[in-house]
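Here the structure is laid out as structure tokens; the discussion comes afterwards.
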Number of protein chains: 2
Amino acid sequence: MKPVKVGLLGLGTVGTGVVRIVEGHQEDLSSQVGSPIVIEKIAVKNTEKDRSVTVESSKLTDDPWDVIRDPEIDVIVEVMGGIEQTKSYILEALDRGKHIVTANKDLMALHGAEIMAKAQEKQCDVFYEASVAGGIPIIRTLIEGFSSDRIMKIMGIVNGTTNFILTKMSQEGASYEDVLAEAQQLGYAEADPTSDVEGLDAARKMAILGTLGFRTNVELKDVSVKGISQVSKEDILYAKRLGYEMKLLGIADREDEQVSISVQPTMVRTSHPIAAVNGVYNAVYVYGEAVGETMFYGPGAGEMPTATSVVADLVAVIKNLKLGVNGLKAIVPYKAKKLKSDEQIMFKNFILLQVDDKAGVLAKITQVLAEFDVSLESVVQQPNDQNPDAEIIIVTHNASKASIDKVLNHFESLDVIRRIKSVYRVEG
Amino acid sequence: MKPVKVGLLGLGTVGTGVVRIVEGHQEDLSSQVGSPIVIEKIAVKNTEKDRSVTVESSKLTDDPWDVIRDPEIDVIVEVMGGIEQTKSYILEALDRGKHIVTANKDLMALHGAEIMAKAQEKQCDVFYEASVAGGIPIIRTLIEGFSSDRIMKIMGIVNGTTNFILTKMSQEGASYEDVLAEAQQLGYAEADPTSDVEGLDAARKMAILGTLGFRTNVELKDVSVKGISQVSKEDILYAKRLGYEMKLLGIADREDEQVSISVQPTMVRTSHPIAAVNGVYNAVYVYGEAVGETMFYGPGAGEMPTATSVVADLVAVIKNLKLGVNGLKAIVPYKAKKLKSDEQIMFKNFILLQVDDKAGVLAKITQVLAEFDVSLESVVQQPNDQNPDAEIIIVTHNASKASIDKVLNHFESLDVIRRIKSVYRVEG
């Protein structure tokens, strides 16, 4: 049968994995799709570079437009990264009727709506399973597995770097700085780790999951983001003592049709299944109105896991191609977006205060909480070993973000409070 | 738009959930498929029975053939259970060009090949996501999510009843008999619990997962089965002491093209993600050559979780119907089946022996193990509190099933061994 010709943009880590799987599993793949799959052309930065995978040099080009404009190519696999320039390649490819498989979370989080609209116009497929949680088929699960359900909450550990760091800090009592340095040495963190540790990478993935889960167009600017660079050894110690693990959680939840999406270090009750997800692994917990609690666990990055998702998408595109139904199953968000206000965003909080060690302090503090209608699950006052002050550890019941902000604001001006040491969302 | 008409066979627990979801989520569902979904006719045993969901009495019939033969009906949702009679309904429905969604693991495990062949002949869809692990979309994941990969191992906690029993025994030190009685009271176990506790239910699900994972036609008779009725409090105590949890695991693994599928109580290292799956929850761990370790967790049964999977399948069938591509994506196993011989089935073993408490016993026992090439990870001899004998606890390295059978056979005739108390597979 006539082979399906694929153009590859990028031959870095993931691209190399894609070549390996397409070649190594060719027999299994062609049994499924009914014809051979050929990687016809590959755009790379440097055509002369030594590579860990063998490709005919005649297939390499340093101009992505050579790939986009090749009329023989049916499907473009984009694993080069980048945003604006890459978007122009993708849009042009769609204009030419080519289908797209991409692993590019930045592109999809920022320009997903525009790209999907173009795809729909051109009746082309755009699949992006690998853009979130690497090897975990979570996008398929949200689109197809739970098509019948009403997703109420998604909680994701969707960044392996930060989960590696927090796991090490928790298991070894190490400091953030030390573990970050180790992660950089191991290649788990980049030289400039900002995008990972400040939660930006996770926020992009949560925008994608929120869009699919709630069928409304969640944009990056809708995601409130806080990273892990301020998480201290002490915070993690407190978390463990209270029965929690510290995780950088992306949380998308909704009530009726109102949604909120955030990324923040979160204390997760150890009995919650996501609390046990350690190291560079990712997991996405999905709560559906009908199905209840589910969780999907696997490698969040890496050459072969990510390539697994890319090639699974490629198989899906080619099956659609054979049936002539590309672009006809696209999920375009059909619900108007309604973001929760700060009054509607409810969660439990952990608050650690450094206070004067004298009588009446606790009374003043609990009075502030009561004033703003924040009720308490527990409050403990204890002396601090290091200094003459005392510490107060508060865990609230569900309270609105607005109330907590007011409480913290008030605390700033309360004379008995020396310092608000930490504030964390609590889940589970 | 013209509504899609669905016929329902059965209005028990799952059928009721299907009605609830189709009615309650009608707007979301019709937005996705492009037309209303109407449950047109429902076959029940007793049309007069009071039900927890409201259905027009004119839709009820006590004759399934009324549903099968209704020319208006496009899709049959089979949630009545049963095997031979139900098969005849399904085959007749396919003959009439109707698509099938079923939650019936027994039917699919025993007659899946015949049903899929008929479906292919008639270009009809047969979807059965709900037949394994209730609300977890594991069948989709194996067919689509990992279409690119080579699945090497599937380990499943796919029976909620037995996982509830083993979890309770582990957490509360209770006996099998006591927890089984409690499970029966709670409705988690049936009056005749044989199918669950003897592993037969799990075996059927593993035949389905093995077929999909390895793309070869695994039949029920290919699954070696052992249930949990012989698991003692003491066994679980030993497991915990050595760092394991006892789980009824379905294990399907392959090496090259040779596969083995089994269900048995298994000691799972506590650090393995599946060891933490407790209560009536299910989980399926999948190891793919490229993707590595993944796990999918969720409710294994119950009205709404199972109905979620059934209606997700219904959505998929209707999308295909709109595109005119039903039956064209069916996965028909294309690999010849090669089962591993007992010499090729390798795993670690836990063996608990009751022996004479005298010198030289351990030497005799280790000699037998050496003779059959079984190497040891650990061996401990300890006095038994209850009687004058001693106990020997052996954990082997990977050894073939054939060798272990020979060892146990030899042990039977060894005069220093009073009794082989327990033998378990060890994983993780």
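Observations on the model:
- Selection status of B:Gln382, of a type outside the set (Phe, Trp, Tyr), away from chain A (no Cβ under 14 Å), open to solvent by 70 Å² or more (accessible area, probe 1.4 Å) and without any contact (Cβ under 8 Å) to a residue 12 or more places away in the chain: no
- On inspection, B:Asp201 passes the criterion of being among the acidic types (Asp, Glu), assigned to a helix (DSSP H, G or I) and touching a Ser or Thr at 6+ places or on another chain (Cβ under 6 Å).
- Restricting A:Val101, A:Val126 to residues that are in contact with a helix residue (DSSP H, G or I) (Cβ under 7 Å, 6 or more places away or on another chain) and within 14 Å of chain B (Cβ to nearest Cβ) narrows the list to A:Val101.
- When the residues of the range A:253-294 are filtered to those that are of a type in the set (Val, Ile, Thr) and in a strand (DSSP E or B), the one that is nearest to the other protein chains (Cβ to nearest Cβ) is A:Thr294.
For (1) in contact (Cβ under 8 Å) with a residue 12 or more places away in the chain; (2) within 13 Å of another protein chain (Cβ to nearest Cβ); (3) assigned to a helix (DSSP H, G or I); (4) surrounded by fewer than 24 Cβ atoms within 10 Å (Cβ to Cβ), each residue gets a yes or a no:
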residue: A:Ala117; (1), (2), (3), (4): yes, no, yes, yes
residue: A:Ala130; (1), (2), (3), (4): yes, yes, yes, no
residue: A:Gly135; (1), (2), (3), (4): yes, yes, no, no
residue: A:Ile139; (1), (2), (3), (4): yes, yes, yes, no
residue: A:Ile154; (1), (2), (3), (4): yes, no, no, no
residue: A:Thr162; (1), (2), (3), (4): yes, no, yes, no
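- Test: residue in the range A:175-185 that is modelled with pLDDT of 95 or more and within 14 Å of chain B (Cβ to nearest Cβ): no
- Qualifying residues in the range B:295-308 (those that are surrounded by 22 or more Cβ atoms within 10 Å (Cβ to Cβ), under 28 Å from B:Leu180 (Cβ atoms) and out of contact with any strand residue (DSSP E or B) (no Cβ under 6 Å at 6 or more places or on another chain)) - the one nearest to the other protein chains (Cβ to nearest Cβ): B:Met304
- Taking the range B:189-212 as the range and being over 8 Å from the mean Cα position of the chain (by Cα), of a type outside the set (A, V, I, L, M, F, W, C), open to solvent by 10 Å² or more (accessible area, probe 1.4 Å) and at pLDDT 95 or above as the test, the residues that pass are B:Asp192, B:Pro193, B:Thr194, B:Ser195, B:Asp196, B:Glu198, B:Thr211.
- Filtered residue count, the range B:309-345, keeping only those that are open to solvent by 60 Å² or more (accessible area, probe 1.4 Å) and within 11 Å of chain A (Cβ to nearest Cβ): 4
- Pairs meeting the criteria (first residue in the range A:267-294 and at positive phi, second residue at pLDDT 95 or above and surrounded by 19 or more Cβ atoms within 10 Å (Cβ to Cβ), beta carbons under 6 Å, at least 6 apart or on different chains) are A:Gly279/A:Phe164; A:Gly279/A:Thr167; A:Gly292/B:Pro299; A:Gly292/B:Pro305.
- Taking the range A:141-152 as the range and being assigned to a helix (DSSP H, G or I) and either outside the structural domain of A:Thr194 (by TED's automatic domain parsing) or touching a Pro at 6+ places or on another chain (Cβ under 9 Å) (or both) as the test, the residues that pass are A:Thr141, A:Glu144, A:Gly145.
- Selection of the range A:1-38 for residues being open to solvent by 20 Å² or more (accessible area, probe 1.4 Å) and either over 26 Å from B:Asp256 (Cα atoms) or part of a strand (DSSP E or B) (or both) yields A:Met1, A:Lys2, A:Pro3, A:Lys5, A:Gly12, A:Thr13, A:Val38.
The values are calculated or read from the model by the stated rules, or taken from the named source; none is laboratory data. On a predicted model such as this, the values are computed, not experimentally measured, just so you know. Cβ coordinates were reconstructed from backbone atoms using ideal geometry, including for glycine residues, and neighbour counts include every protein chain displayed. The area values use the complete protein model at the heavy-atom level, side chains included, leaving out ligands, DNA and RNA. Shrake-Rupley method; radii C 1.70, N 1.55, O 1.52, S 1.80 Å.
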